[in-house]
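Worksheet: the structure to be examined is printed underneath.
Bear in mind that the values in this text are calculations on the coordinates, not laboratory data. Keep in mind that what you see is a predicted model, and the values were worked out from it rather than measured. Because the Cβ atoms are built from the backbone with ideal geometry, glycine has one as well, and the counts that use them run over all protein chains shown.
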Amino acid sequence: MADEGHDGTASGTSMPFDTSVAHVARVYNYWLGGKDNFAADRAAGEQAIKAFPEIGLSARSNRAFLARAVRFLAQESGIRQFLDIGTGIPSASNTHEVAQSVAPASLIVYVDNDPIVLNHARALLTSDPAGATDYIDADLRDPQGVLAGAERLLDFSRPVAVMLMAVLQHLDDEDDPYRIVETLLEPFPPGSYLALSHPAKDINAEAMARMAESLNRMMAEKVTFRDNAAVAKFFDGLELVDPGMVQASKWRPINETEAASPAALWAGVARKP
Ligand SMILES: C[S@@+](CC[C@H](N)C(=O)[O-])C[C@H]1O[C@@H](n2cnc3c(N)ncnc32)[C@H](O)[C@@H]1O
């Protein structure tokens, strides 16, 4: 548990972030059983648990999908460059750990707009010496800014996997999320990939609606959950690999327990032709 002072700011050091309002990176950390969260995050996290008691399992299922997708990309698709946007506070099986366990020379660029994630960037930058990692403090709503930062490390003439794991729900329809995803894929050559997961409006629909309402009341970042058709649209023009876009727990699970998890997310991995 993060230490908290009387005024709602972290004690001991001057923190560059507001702890009096819940933020998604820290609420998600709470659901995953992490210690990098504050009272407001835990209150928002608990309200969401009341609405959708399986959110903790769903969050873990999302992390497991992330790890399987990165392993697939590194092992079976030969991807050596990853652009992981909406990284979150470091957790188990971070992208560079999985990718570099397969191919130590892999290059990973992390992007997030929350100062607490920036605070943890050092843990994300512990690259295998054969490869490299970088961290960009940037907003997904500025895809050109994200790409300009990514070019510091990535070679845009070689394939890149763009990863958008449980982050697009923080863009509402007015942000034009489909154009943003298209812009992010645009500079990369054929053989590049898009890997994404997205909270589902139409899995466990009533509980998810209650959770969205609760999070939108208590959290700084608002959420828009999307249904199967709306999430599938992010893959337009790309070739989904087997088994297509499915519930996150059903994407190449490694055992029965993973497959049975009540993940309320749509997930898929697709190749740029
Ligand atoms: C639910 S967490 C997902 C973390 C990780 N991708 C995963 O799947 O385990 C969402 C993350 O996206 C980040 N985020 C939200 N909106 C963002 C934006 N507009 N630009 C960049 N990052 C954003 C949050 O700060 C948070 O760390």
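For the residues 16, 90, 262, a GNM of the chain with alpha-carbon springs under 10 Å puts the largest fluctuation on 16. Label reach from residue 206 (point 7 Å along Cα→C-beta): in region 245-269, amide nitrogens under 20 Å belong to 262-265.
Output the relative contact order of the chain, whole-number percent, from Cα pairs under 8 angstrom with separation of 6+ residues. In percent, rounded to a whole number, it is 20. Taking every C-alpha pair closer than 8 Å and separated by at least 6 residues, the mean separation divided by the residue count of region 129-218 gives a relative contact order of 30 percent. Paramagnetic label reach from residue 46 (point 7 Å along Cα→Cβ; backbone nitrogen cut-off under 11 Å): within region 195-211, no residues. About its Cα centre, the dipole of region 186-273 is roughly 160 debye, where the only charges are +1 on Lys and Arg Cβ and -1 on Asp and Glu Cβ.
Taking 226, 179, 68 in turn, the Gaussian network model of the chain (Cα-Cα springs below 10 Å) assigns the largest fluctuation to 179.
Ellipticity at 222 nm from helices only: DSSP H runs of n ≥ 4 in the chain, each -39500 (n - 2.57), divided by the residue count, give -10500 deg cm²/dmol. Projecting the Cα atoms of 120, 264, 140 onto the dipole axis of the chain, where Lys and Arg carry +1 and Asp and Glu carry -1 at the beta carbon, places 264 farthest toward the positive end.
Fully extending the segment from residue 229 to residue 35, taken as 0.36 nm per residue of separation minus the present Cα-Cα distance, adds 66.3 nm. Here r is the Cβ-Cβ distance between residue 260 and residue 93 and R0 is 25 Å; the resulting FRET efficiency, rounded to 0.05, is 0.80. The H on the amide N of residue 161, modeled in the peptide plane, is under 5 Å from the matching H of 81, 82, 83, 193, each at least 5 residues off or on a different chain. Dipole magnitude for the chain: about 660 debye, using +1 per Lys or Arg Cβ and -1 per Asp or Glu Cβ, origin at the Cα centre. Backbone phi angles across region 191-198, fed through the Karplus curve with coefficients 6.51, -1.76 and 1.60 (θ = phi - 60°), yield HN-Hα couplings of x, 7, 9, 10, 10, 8, 10, 8 Hz in residue order; Gly and Pro are listed as x. DSSP finds beta bridges in the chain, and of those with both partners inside it, around 35 percent are antiparallel. Once backbone amide H atoms are built at 1.01 Å from N, residue 135 has 110 as its partners under 5 Å, excluding neighbours fewer than 5 places away on the same chain.
Which whole-number percentage describes the relative contact order of region 70-211, with Cα contacts under 8 Å and a sequence gap of 6 or more?
Answer for region 70-211 is 23 percent.
Working note: Karplus 6.51/-1.76/1.60 with θ = phi - 60° gives region 208-217 the couplings 5, 5, 5, 5, 4, 4, 5, 5, 5, 7 Hz, where Gly and Pro are set to x. Per the Debye calculation on the chain with a single equal scatterer at every Cα and no solvent contribution, log₁₀ I(q)/I(0) for q = 0.10, 0.12, 0.13, 0.15 Å⁻¹ amounts to -0.47, -0.70, -0.83, -1.13.
Each peptide in 251-261, 49-59, 196-206 receives the mean, over its residues, of other Cβ atoms within 10 Å, and ordering these scores from highest gives 196-206, 49-59, 251-261.
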